[in-house]
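Please read the structure below before turning to the comments.
Rule-based calculations on the coordinates, nothing more; no lab input. Bear in mind that the values here come from a model prediction, so they are computed numbers and not experimental data.
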């Protein structure tokens, strides 16, 4: 089948080559991806809305060339939300029709920055990225994540975990969007140094891959202006089409594998447990007084 019209939100998206296989090992085609994205769009879009999108396109499937795009190339429908930035048009992933249009162009991974376009330079969360060394069992990632939760609990900061969709985990801490990236990094660095003191044999803060050895990289530096992270519920270009999935701390303690969350399994999980990432956007968890106290402590002690 060369083309198929797909109706979404009152618009008809022309899907070209809907049967093209994107994930050969898992046997997943382009139309399967689009159906998945439409199923998760109500859960995903609140976390991508009004953020300047970066996509990884694989026009020939995950075994082919990866194209990274941060702005509109060629023509885009007039209804695609966008904002002018740096002399280019940046897409805002604000609706399901735009999601389907991008997927038709070969977009597989959807990455978003830590701030919104209309409130530049003030991140909405603190974020820690746990990136294991090659071959490291996922149990080690969970162990570090649980120690991080214990540390954040000690600071009275709420935290919400998700899988990266690849081999690691990412921990989000909601904050009021009033702190600069520099201020957020002060807190991140303070937490990272404490974690290194507690687990020197397990983690490293070394950003150069070749210098990390067999340790987990505790990435506190990714949280910065212009940098991005895989959006929650985004599928990844892995052999089994794994998904960046929110989990509970109870699940982290009990154990799971990233491969448990795929295009095939996530829609049913969402129908069962709902959006476990909702706490990230809850005002109840944006306790600026506590963040102010931590920031003041870090500055007083020259951290």
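Some points to look at:
- Pairwise alpha-carbon distances in the chain exceed 24 Å for 53% of all pairs.
- Paired Rg and Dmax values of region 202-285, which use every Cα atom, in angstrom: 15.4, 43
- Tilt relative to the chain, helix 181-198 - C-alpha long axis, 0 to 90 degrees, to 10: 60 degrees
- Result for the chain in a Gaussian network model with C-alpha springs under 10 Å: among 114, 138, 128, the largest mean-square fluctuation is at 138.
- Spread over its residues, the convex hull of the C-alpha atoms of region 3-113 is 104 Å³ per residue.
- Compared with the dominant Cα axis of the chain, that is its longest principal axis, helix 138-154 is turned about 60°.
- Taking the C-alpha atoms only, the angle from helix 30-48 to the longest principal axis of the chain is near 40 degrees.
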